Amino acid sequence: MIEEENDEDILKKGVTFKSVLKNLLSIFLIILGALFIYGGILPDAVIGWSTGFMLICLGASLIQMQKKPTDPIRQTLTILICSLCGLTKVRNYENGDFVFRRIDKCDKCDDMMEVKQIYSVRLKKPTESNSEAEDKKQIKNSEKKLK
Ligand SMILES: [Zn+2]
């Protein structure tokens, strides 16, 4: 468990640093573009407009680009529950896992465990949706209970 958490920290730092840098750059480009359009920095209004428009497009595409690299940094977890004794287990998602499928033997009573839920959690700090953060907390809490 400790090793996994260390990996998480490394990923968090790498992603946040890059995304902060890209955010600043894209915001800077959009503001600069707006200045060209509305500020009238250039004497020729047409060149000012087109330059500003290009800068805003560049900034906007930078914001969209940064969303893609965050996708692989997700962890999918499978929650298993034993229908006999109610023991729950959280482990990494494996190919072929789906809800209600009976896989893995229960540690307690050797009965087959059923997939209760499949979670997808982000390893970096979630900024867009809080629901995912809550999911992660719930998983961590359930892990603690198991121990
Ligand atoms: Zn059991």
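Observations on the structure shown:
- Cβ-derived FRET efficiency at R0 35 Å, Y93 paired with K22, nearest 0.05: 0.75
- The stretch between R101 and M54 holds 11.8 nm of extra length on full extension. This uses 0.36 nm per residue minus the Cα-Cα distance.
Quick note: the coordinates plus some simple rules give every number you see, no bench work behind them. Everything numeric in this text was worked out from a predicted model, so none of it was measured. No Cβ is skipped: glycine too gets one built from the backbone with ideal geometry, and neighbour counts run over all protein chains shown.
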